Amino acid sequence: MSTAVFDVIVIGAGSVGMPTAMHLAEKGLKVLCLDQFASPGQGSNKCAIGGIRATHSSPAKIKLCLDSLRTFGHWKEEHGWDIEWARGGYAFVAYRAHEERLLKNLLVVQKKAGLNIEWKDREEMLRVAPGLREEGLLGGTFSPEDGSASPMRSCLGFHRRAVGLGVEFRFNEKVTSIMRRKGKVVGVRTDKGGYATGCVVNAAGPWARAVAQAGGLDAPVVPDCHEAGISEAVAPFLDPMVVDIRPAPGSENFYFYQHKPGQVVFCITPNPPVVGSDRRETSAYLPMIARRMVDLMPKLGNLKVRRTWRGLYPMTPDGAPLVGRSASLEGYIDAIGMCGQGYMLGPGVGALVARLATDDLLEGDAAVLEELSPARVFGGAEALK
Amino acid sequence: MSDYRIKEHPILPIPAEPTLSFTWQGRELKARAGETISSALFSNGIRTFGHHPKDGAPMGIFCANGQCAQCSVIADGLPVKSCMVPVKEGMAVAPLDGKPVLPDVGSGDLAFRDIETLTVECLILGGGPAGLSAAVELGKAGVGVILVDDKADLGGKLVLQTHKFFGSIDACHAGTRGMDIGRKLEAQVRTFENVRVWANSNALAVFSDRKVGILREGHYVLVQPQVLLVATGAREKSLVFRGNTLPGVYGAGAFQTLVNRDMVKPSERLFVIGGGNVGLIAAYHALQAGIDVVGLCEALPECGGYKVHRDKLVRMGVPIHTSHTVISANGEGEVASVTIAQLDAAWRVVPGSEKTFACDTVLVAVGLEPVNEFYNKAKEFGLPVYSAGDAEEIAEASAAMFTGRIRGLEIAKALGRDTGEVPPEWHRTAAVLKSRPGATITEEIPEAEKGVFPVFHCSQEIPCNPCTSICPQGSIMIEGNDILGVPTFNEKDCIACEQCVAVCPGLAITLLDYRRGGDEVLVSIPYEFPGSTLKAGDTVTVLDTLGAILGNVKVDRVRSPKFADHAMLVKVRAPLDIAKRIAGIRVQQPWVSEPMAGNVERMADDEIVCRCERVTAGEVRSRIRAGVRDMNELKAATRAGMGACGGKTCPGLIRRIFHEEGVKDSEITGLTQRPIFMEVPLGAFAGVVTGEGPVQDVARAHAVGAFQGGL
């Protein structure tokens, strides 16, 4: 084992690990960030479609994503690196009384949490998202302060800043064990070498369980797989992320938006879920989502598809993240189980983990950590995943 | 110049006059029925089709093959690839300036059909020489086949080859023009009921459930084969230099499509980069179409293509600049000149060696690489897969025909047909046809000075022997019957039939007739240019094999017998001292290829690596110097490889910059390939019923059932 000593080692240089490493370095810590892939964000970050919203139904996620939105929204001015942030909002559309009722019920919780979100009637919704199928449209919710940015460019932006703050990175390096002595973390061994540290952050996304097991622990994180796609670039025609929560044969909700460079990015939630880490492309995806998109917004029929891919959602039993210290291993912190929202949660989670690691918690952090505690008893699923 | 159509061609028939009307920016223009929008525009002298949204750079044609989106225009309100969409009567065409506007459509009652999955024993991707040859063998063996090709006419690149083929007559129709070989193969394939041909259809992806996504005449369908044969051919490599995306810089394949398929004259003065067979042949095709070829440059000290192709070009008056590289294509909005310079032994530009030539078009012909993404995906997903032709290994079309036959038999056998083993000599023939050009041999000039006999200006070992098969006297031999050898005349009686002169693909055989006596010899020379350019009594300049001028001689007679297949046999009266050395007639005057008085130095920093997203070599280089080794990270940071072509063009160029920066391959992580491999509208995947094409069951969109979600 080498003699290199770090204050913290972050495992994973993706949506969560990268901002975590950056925030830890901002606290003045000597940080090493390890990743099994060749460069920043090559695991699940590059598979994210880029939506960022605070309009959840869990108070902890709302708070973390509000933090994230502040980071994303000001990144370009503060750091001179364009992450293609656009404040386009989120539009959840309703075509049936059932969805209208669900969304309106949820609105009460969301407004109570201080979110900027309103019900839009049919005509207003057609102005929010022109081109929606008019037939049957009842309206929907719209949250104008949500938005989108490029996951890859964000990750590279955080990487640039992290490198500037002195974070060391090792890519193409896989963790084989987290070394412990007397119930405390003492180092990390990889397939290339070893590093001494008293603190490890697991930010390994869908690979979190294997990392936890490398420390003799476990984590109830099981990946399932979602397929996404992107179109050619066209002139701006759509501001918000459009979400249709109706189920259909083979799928639950689906959503799409036009990102700042003009391409439309789209994703669908398969039903039943495709559990496992298989990321190979399927023939079922494109016909399934294409039909739903064109039916919802007929003009999309002329939009050319450029590329598709599959990404992994690191799922937890109740659909909420696992963030916090381990009760059984001192110096081990989980920042895992983001359930497909690691990109939008990442900066908020990273800042929280940095405060946790330095015992510098702010007011309100305790409630978030309690809600997301890895030691919690898992109940039912969150209302709006 | 106002008319950009070919009016006269030695080999190809001139199509009907344009009768169709369409508009470009509101101006009414004429087009030939059935031609693509891009060819219609070129025919009218338009070659800037739009401007890039990033920097406003002018865009024009690049691949002419539906693979990139450089030629996109707005046709009747929709952005389309102009090289793939036929022009229609009354069509309103406009440049694509910036990003296209997605047009509004009514919210009318859309109908959708389910995307069907067909099963078949063997799916062949590509109806070129390899795919067609395989289909013939599979057809004979009774195997059920679907053959998919993206063009209306099968034959792949054979349909663009106006020259006679090398190889042997038995194995691969040597001595026949490529386009005619393509037609023969297609006709043969279409005789088999068990082979279904899907023309105008594109393969889009191979999926992990071992289905292949096909856009069949605009309709999406999945095909689940037991065996896949990938015969998708090759794509052209690109090159980084200043001005490399100016309209007027494009690939030799695109050029051949414009000239030999669509009979467009896209250039008056052409410069070719690359001395492989593709570049040499493209230059020859240009001359045949009446286009001046200003020159050809090749970075190596010798051309990589067949020497007969090179020699043929030089004899026609085209200078070949070996050990020269392109520095820049110059011009404001379109190509107006090209600057080249000499390279020293260490590949450095020799200062002061720059030369600029006026030209309107620069062809990039710097090699081919296999179209292997379908093969790789099928392998990854465990779908039994074979590849043939250029998709397997870059070689001549003659070799592709042969590997196609071999794969056909192998697949039939794998599918349980009793075809026996592949004859061992097939493998030998395939290997021979793939062989690179061999040693250059000093030309042997016969000593005889009487009677009639052929002279072979054939001085390189290449797989070619039609002259030995065609001679009715059986007097032309290759030592040891080795197809790679050089032919000799064994001094039996020559009957002066001139068939060897006509059949030689390299136009490298002349026939000398001393029987008239006196101080003149009649020399028969093959000539593949329009009949109007030469007649008896004319004086022509004759050259030796290497292009040295021998003198001016009188044309005695010109004839175009049927066996010459559109070529002309020109008899000249030559003095005794030069007769045997005459190998060709100059067709291009020396002043055409003179450099400009001063050099043009292009200052713009526009060495483009990724033409879809307009990423420069400078940007890529600076990232590499900052430590980037993963091409996916480079893509995330610069968008190189993120564009419409799907990362098909720039990875090789980026890898080259890595190498220039001293980064080894082992340090580089390659670009991840994801489907689909060609952009297709969402409506096709949705199964939107358009009222065109095959009748399908119509199903409404997702049936609205009970809500199952748990918000």
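The values are calculated or read from the model by the stated rules, or taken from the named source; none is laboratory data. In this text, all values refer to a predicted model and were calculated from it rather than measured experimentally. Please note: Cβ atoms are built from the backbone with ideal geometry, for glycine as well, and neighbour counts cover all protein chains shown.
In the set (1) modelled with pLDDT of 95 or more; (2) under 30 Å from residue B:228 (Cα atoms); (3) part of a loop (DSSP other than H, G, I, E, B), residue B:378 fails one condition alone, (3). Across segment A:277-306, the qualifying residues are those that are more than 7 Å from every other protein chain (Cβ to nearest Cβ) and either under 23 Å from the mean Cα position of the chain (by Cα) or part of a helix (DSSP H, G or I) (or both), and the one among them that is nearest to residue B:224 (Cα to Cα) is A:285.
For segment B:226-235, the count of residues that are in a loop (DSSP other than H, G, I, E, B), away from chain A (no Cβ under 14 Å) and within 30 Å of residue B:601 (Cβ to Cβ) is zero.
Inspect segment B:406-414 for any residue being more than 14 Å from chain A (Cβ to nearest Cβ), touching a residue at least 60 places away in the same chain (Cβ under 8 Å) and of a type in the set (Lys, Arg) and give the result as yes or no. Yes; the residues of segment B:406-414 include at least one that is more than 14 Å from chain A (Cβ to nearest Cβ), touching a residue at least 60 places away in the same chain (Cβ under 8 Å) and of a type in the set (Lys, Arg).
Per the listing A:137, A:126, the residue uniquely within 14 Å of another protein chain (Cβ to nearest Cβ) and either on the phi > 0 side of the Ramachandran plot or buried (at least 19 other Cβ atoms within 10 Å of the Cβ) (or both) is A:137. Selection of segment B:374-405 for residues being free of Cβ contacts under 8 Å to residues at least 40 places away in the same chain and of a type in the set (Lys, Arg) yields only B:379. Of the strands (runs of 3 or more DSSP E) lying entirely inside segment A:126-191, not one is found with 3 or more residues being closer than 17 Å to residue A:91 by Cα and without any contact (Cβ under 8 Å) to a residue 24 or more places away in the chain.
So that you can scan it fast, the table gives a plain yes or no per residue for (1) at pLDDT below 95; (2) small (Gly, Ala, Ser); (3) within 26 Å of the chain's Cα centre (by Cα); (4) not in a loop (DSSP other than H, G, I, E, B):
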residue	(1), (2), (3), (4)
B:605	yes, no, no, no
B:619	no, no, no, yes
B:645	yes, no, yes, no
B:684	no, yes, no, yes
B:694	yes, no, no, no
B:703	yes, yes, no, no
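Residues that are without any contact (Cβ under 8 Å) to a residue 60 or more places away in the chain and in a loop (DSSP other than H, G, I, E, B) within segment B:134-151 comprise B:144, B:149, B:151, listed in sequence order. Of the residues making up segment A:374-385, just one is buried (at least 16 other Cβ atoms within 10 Å of the Cβ) and at pLDDT 90 or above, namely A:374.
Taking residue B:135 as the residue in question, decide whether it is more than 14 Å from chain A (Cβ to nearest Cβ), in contact with a helix residue (DSSP H, G or I) (Cβ under 6 Å, 6 or more places away or on another chain), small (Gly, Ala, Ser) and surrounded by 24 or more Cβ atoms within 10 Å (Cβ to Cβ). Walk me through how you get there before you give the answer.
Values: more than 14 Å from chain A (Cβ to nearest Cβ): yes; in contact with a helix residue (DSSP H, G or I) (Cβ under 6 Å, 6 or more places away or on another chain): yes; small (Gly, Ala, Ser): yes; surrounded by 24 or more Cβ atoms within 10 Å (Cβ to Cβ): yes.
Yes; evaluated as a whole, the condition is true for this residue.
Within segment B:8-41, the set of residues being surrounded by 11 or more Cβ atoms within 10 Å (Cβ to Cβ) and closer than 24 Å to residue B:587 by Cα comprises B:8, B:9, B:10, B:11, B:12, B:14. Of everything listed in (1) assigned to a helix (DSSP H, G or I); (2) at pLDDT below 85, the single unmet condition for residue B:467 is (2).
Just to be sure, is residue B:450 of a type in the set (Lys, Arg) and either on the phi > 0 side of the Ramachandran plot or touching a Phe, Trp or Tyr at 6+ places or on another chain (Cβ under 9 Å) (or both)? In short, yes. For residue B:328, the conditions (1) modelled with pLDDT of 95 or more; (2) among the small types (Gly, Ala, Ser); (3) assigned to a loop (DSSP other than H, G, I, E, B) all hold with the exception of (3). Just one of (1) outside the structural domain of residue A:16 (by TED's automatic domain parsing); (2) of a type in the set (A, V, I, L, M, F, W, C); (3) in contact (Cβ under 8 Å) with a residue 40 or more places away in the chain fails for residue A:211. It is (1). Per the listing B:69, B:94, B:40, the residue uniquely on the phi < 0 side of the Ramachandran plot and modelled with pLDDT under 95 is B:69. Pairing residues of segment B:101-122 that are in contact (Cβ under 8 Å) with a residue 60 or more places away in the chain with residues that are assigned to a loop (DSSP other than H, G, I, E, B) and of a type in the set (S, T, N, Q), at Cβ distances under 6 Å and at least 6 apart in sequence or on separate chains, gives B:113/B:696. Screening residue A:96 on (1) over 23 Å from residue A:257 (Cβ atoms); (2) surrounded by fewer than 18 Cβ atoms within 10 Å (Cβ to Cβ); (3) of a type in the set (Lys, Arg) shows it passes everything except condition (1).
For segment A:315-323, does any single residue satisfy the condition of being within 7 Å of chain B (Cβ to nearest Cβ), of a type in the set (Ser, Thr, Tyr), in a loop (DSSP other than H, G, I, E, B) and under 20 Å from residue A:48 (Cα atoms)? No, the conditions are met nowhere in segment A:315-323.
Among the numbered conditions (1) under 22 Å from the mean Cα position of the chain (by Cα); (2) modelled with pLDDT of 95 or more; (3) of a type in the set (D, E, K, R); (4) surrounded by fewer than 20 Cβ atoms within 10 Å (Cβ to Cβ), the only one that residue B:355 does not meet is (1).
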